[in-house]
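The values are calculated or read from the model by the stated rules, or taken from the named source; none is laboratory data. None of the values given here were measured: they were computed from a predicted structure. Note that we place each Cβ from the backbone using ideal geometry, even for glycine, and neighbour counts take in every protein chain shown.
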Amino acid sequence: MGNRAAVLVGLNMKGDKYYEAGRDVAMQVAAMRPVALDKDDVSADIIQKEIEIGKEQARQEGKPEAMLEKIALGKLNKFYQESTLLNQAFVKDNKMTVRDYLKSLDSDLTATGFKHVELG
C-alpha cells in the first residue's frame, strides 16, 4: 500500500510454522479492513447504527413495520460476516473464513487481535 500502512496481528500460538499464517491474516486485515476481531468485539454503537441502517433500508423497500427488527438483525449478521476478521471470507480462498483457515493449520490456532495503522 505504498509503504503507508502497517498491520500487526496477534496469534495465540508462536513458532516458525505460524509465520505464514500471521502474514496471510495481516494481508487480510490490510485488504479488507475489518472493524473488529469477532462479532463479540464490535462496539454497541456500531451495532446500533447497523440495526438502524437495516431498519431504514427495509422501510425504504416497503417492508411491514412488524418485520423491520427481524430484517435488521439479518442484515446485522451479514455485517458481521463482512466486517469482523474471523468471520470474513479468506481472501486467498473465499470458500473458507479466516477462522476456518487458521483452524485448518492447527485446531487451536486463532487470532487474538490486530491493529491497522495508516500514515497520512
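If the condition is being farther than 24 Å from residue 48 by Cα, in a strand (DSSP E or B) and either of a type outside the set (Asp, Glu) or in contact with a His (Cβ under 9 Å, 6 or more places away or on another chain) (or both), then the range 90-120 contributes 90, 94, 95, 96, 97, 111, 112, 117. Taking the criterion of being among the polar types (S, T, N, Q) and in contact (Cβ under 8 Å) with a residue 12 or more places away in the chain, the residues of the range 98-120 that qualify are 110, 112.
Within the range 26-41, residues that are on the phi > 0 side of the Ramachandran plot have Cβ atoms under 8 Å from residues that are surrounded by 14 or more Cβ atoms within 10 Å (Cβ to Cβ) in these pairs: 33/116, counting only partners at least 6 apart in sequence or on another chain.
Would a scan of the range 56-73 turn up a residue that is in contact with a strand residue (DSSP E or B) (Cβ under 7 Å, 6 or more places away or on another chain), outside any strand (DSSP E or B) and at pLDDT 95 or above? Among the residues of the range 56-73, not one is in contact with a strand residue (DSSP E or B) (Cβ under 7 Å, 6 or more places away or on another chain), outside any strand (DSSP E or B) and at pLDDT 95 or above, which makes the answer no.
Just one of the numbered conditions (1) free of Cβ contacts under 8 Å to residues at least 12 places away in the same chain; (2) acidic (Asp, Glu); (3) surrounded by 12 or more Cβ atoms within 10 Å (Cβ to Cβ) is not true of residue 50; which one? Only one criterion in (1) free of Cβ contacts under 8 Å to residues at least 12 places away in the same chain; (2) acidic (Asp, Glu); (3) surrounded by 12 or more Cβ atoms within 10 Å (Cβ to Cβ) is unmet by residue 50, namely (1).
Of these, 84, 110, 97, which one is surrounded by 12 or more Cβ atoms within 10 Å (Cβ to Cβ), touching a Lys or Arg at 6+ places or on another chain (Cβ under 6 Å) and either closer than 21 Å to residue 10 by Cβ or of a type in the set (Gly, Ala, Ser) (or both)?
From the options 84, 110, 97, the qualifying one is 84.
Kindly indicate the residue of the range 9-44 that is in contact with a strand residue (DSSP E or B) (Cβ under 9 Å, 6 or more places away or on another chain) and of a type in the set (Lys, Arg) and also nearest to residue 78 (Cα to Cα) among those meeting that condition. Going through the qualifying residues, I end up with 39.
Only a single criterion out of (1) over 22 Å from residue 116 (Cα atoms); (2) assigned to a strand (DSSP E or B) is not satisfied by residue 8, namely (1).
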